[in-house]
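Reading through the structure tokens given below for one structure.
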Amino acid sequence: MMTSQNRLPQLRKDAITGRWVVFSPARAKRPSDFKSKAPATASDHRGRCPFCSGNEHMCAPQIFRVPPDPSSDWKIRVIENLYPALDRNLKDADFDGGGGGGGGDADVLRGFGFHDVVIETPDHSVHLSDLSPREVGDVILAYKKRVEQLLTFDSIKYVQVFKNHGASAGASLSHSHSQIIALPIVPSNVSARIECLREHFHQTGKCCLCEVPSNELLIDESAHFVSFVPFVASSPFEIWIVPRDHSPHFHELDDNKAADLGGLLKLMLRKISIQLNDPPFNFMIQTSPVHTSVSELGSTHWYLQIVPQLTIVAGFEVATGCHINPVFPEEAAKVLREVHVQM
Ligand code: AMP
Ligand code: ZN
Ligand code: ZN
């Protein structure tokens, strides 16, 4: 196999996002040296941290906890965000006539929506990847439960589950947590993805996420999920965990599949931590819109995307939407496939 050093640059177009990525090995070190220089290890703010057990009074109101029985200690809490991006009390997201000029023909909606926080553990020093596969599965089931609650609001059109780990991945608090934002619109990245998958389905009769990736891109597999580096990864060591079953919505997964996904997610997080020196990362659940006229959701397929934050998005990427990735996906997959992890 060619190494980064002797491969020529290549442009690849992603069939799922419709975006071009420039693979530019000349800009990289060897993939195995591609370690984070600023590991995301938490500084310890125990005592002042609102997400620690005992500091519940410092938090915005709780939505639910796991287990629900208050006579035992909580393991997971889903709470309102104290500084929400959207306002849950606005009731709906009608057009906002009071926007006050200057918008021209722009659409303006009242900022209705939900912004919640999922506290993944009561213990400040524990990361998501330190939990057992079953406990990571319980966090995934907490996401599912909250998504299902949010879908009861007719004007919610898309629910984004995401995690920021480490300051340069956007985390402001080090205690292990993730977030859920429910929007009254379908974001353009989401509609572009749905449209690309629909077009691919119509042209080929196949869903590109149902197809098993080549062995060169594969990292690991479980009973119900496959993890691999996408052929057009926009970031080095980006990982997708894709359900084997064709399903448009994350919230359709059952308890058994959630536990299985918990194991594979833990494994992937441990692998990037070992190989890339505990890098800052984001993960996102890429699901499909709800209560919307977006046509033919039947050709869409949800997945979980993990993006270690090892490069800086700068002028070129902002201008063009086209990322430069210094590590070829086949080489990133090899580095992640070959590391042995003690679970
Ligand atoms: P991040 O910025 O990704 O670390 O996510 C932490 C989130 O927690 C932010 O969106 C904050 O607005 C939110 N937050 C901070 N303090 C509190 C608190 N005491 N109760 C509820 N949410 C909080
Ligand atoms: Zn804490
Ligand atoms: Zn599919």
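Any read-out appearing in this document is the output of simple, stated calculations on the displayed coordinates, not a laboratory observation. Since this is a predicted model, take the numbers as computed values, not measurements. Cβ sites come from the backbone with ideal geometry, for glycine too, and all protein chains shown count toward neighbours.
Size descriptors for the chain, from the alpha-carbon set: Rg then Dmax equal 20.4, 62 Å.
What net charge do the residues around HIS115 carry, taking every other residue with its C-beta under 11 Å from that of HIS115, with Lys and Arg at +1 and Asp and Glu at -1? With Lys, Arg at +1 and Asp, Glu at -1, the neighbours total -2. Rounded to the nearest Hz, the phi-derived 3J(HN,Hα) couplings of segment 240-255 under the Karplus curve 6.51 cos²θ - 1.76 cosθ + 1.60 (θ = phi - 60°) are 10, 10, 10, x, 5, 7, 6, 8, x, 10, 3, 5, 7, 6, 9, 4, where x marks glycine and proline.
Amide H contacts for LEU109 (H built 1.01 Å from N in the peptide plane; partners 5 or more residues away or on another chain; cut-off under 5 Å): ASP96.
Each of VAL318 and SER191 was given a label point 7 Å from its Cα along the Cα-to-Cβ line. The distance between the two points is 2.5 nm.
Once the Kirkwood radius over Cα pairs is known for segment 188-343, the Stokes-Einstein relation at 4 °C and 1.567 mPa s delivers a diffusion coefficient of 79 µm²/s.
Highest mean packing first, where packing is the average number of other Cβ atoms within 10 Å per residue, the peptides 186-193, 298-305 line up as 298-305, 186-193. Backbone phi angles across segment 195-201, fed through the Karplus curve with coefficients 6.51, -1.76 and 1.60 (θ = phi - 60°), yield HN-Hα couplings of 5, 4, 5, 5, 4, 4, 4 Hz in residue order; Gly and Pro are listed as x. If eta is 0.890 mPa s and T is 25 °C, what Stokes-Einstein diffusion coefficient results for segment 286-343, Kirkwood Rh from Cα pairs, in µm²/s? Taking Rh from Cα pairs, D becomes 159 µm²/s. Cα-based radius of gyration for segment 115-232, normalised by 2.2 N^0.38 Å, reads 1.28. The alpha carbon radius of gyration of segment 233-297, expressed as a multiple of 2.2 N^0.38 Å, is 1.35.
Extension gain, VAL341 to GLU216, is 43.0 nm, computed as 0.36 nm per intervening residue step minus the present C-alpha separation.
Contact order for segment 118-244, expressed relative to its length and based on alpha carbon pairs under 8 Å spaced 6+ residues apart, stands at 18 percent. Among ARG146, ARG270, ARG88, the largest mean-square fluctuation in a Gaussian network model of the chain (Cα springs under 10 Å) belongs to ARG88.
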